[in-house]
Amino acid sequence: MLDTMVLIFIFILGSLAGSFLNVCIHRLPLGESVVWPGSHCPKCNKPIPWYLNIPLISFIVLTGRCRYCKERIALRYFIVELMTALVFLFFFTYFGAGLRFVSYVIFTCGLIVATFVDLQH
């Protein structure tokens, strides 16, 4: 039971990291801060409240659209969050908790950002 809970925690942690990677993918090429302002719709610029910014779940619940302007949200957001969550899960099951896990995750997150920025631009 504890092992399952740990794996669920690692998956959630990975999806949260993926959400941040999406911010980096969107804002870094534009020269914008990845810290401020908070998450907002790139189309209508309405701030996204925390309860509508839950990785993976919000995309599914909102059917891939902004709650306010109803514009489509790029599928990339869901893909990056899911991919990052699975990467965290894979490295955790392969290496366990430790420095190797952390270093591989950080390196892979950098590759994910670089890949998706490259694909977009």
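The values are calculated or read from the model by the stated rules, or taken from the named source; none is laboratory data. Keep in mind that this is a model prediction, so the values were computed, not measured. Note that each Cβ is placed from the backbone with ideal geometry, even for glycine, and that neighbours are counted across all protein chains shown. In case anyone asks, the SASA skips ligands and DNA or RNA and just uses the protein heavy atoms, side chains included. Shrake-Rupley method; radii C 1.70, N 1.55, O 1.52, S 1.80 Å.
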- Message: If I fit a long axis through the Cα atoms of helix 2-27 and take the longest principal axis of the Cα atoms of the chain, what angle between them do I get, 0 to 90°, rounded to 10?
- Response: 40
- Taking all protein chains as present, what is the carbon and sulfur share of the accessible area of the chain, in % to the nearest whole number, probe 1.4 Å? 71
- the chain: relative contact order as a whole-number percent, Cα under 8 Å and 6+ apart: 36
- Return one number: the angle in degrees, 0 to 90 and rounded to the nearest 10, between the long axis of the Cα atoms of helix 75-95 and the longest principal axis of the Cα atoms of the chain. 10
- Item | the range 53-121: mean projected area of Cα convex hull, nm² | 5.4
- In nm, to one decimal, how far is the modelled label at Ile79 from the one at Ile12, with both set 7 Å along Cα→Cβ? 2.8
- Once the piece of chain linking Leu62 and Phe20 is laid out straight, how much longer is it, given 0.36 nm per residue of separation minus the C-alpha distance between them? 13.2 nm
- Task: Please give the contour-minus-distance gain from Ile54 to Trp36: 0.36 nm per residue of separation, less the Cα-Cα distance, rounded to one decimal in nm.
- Result: 4.7 nm
- Task: Give, in nm to one decimal, the length gained when the segment between Arg72 and Arg27 is fully stretched (0.36 nm per residue of separation minus the Cα-Cα distance).
- Result: 14.4 nm
- Task: Report, in degrees rounded to the nearest 10, the 0 to 90 angle that the Cα long axis of helix 99-120 makes with the longest principal axis of the chain.
- Result: 30
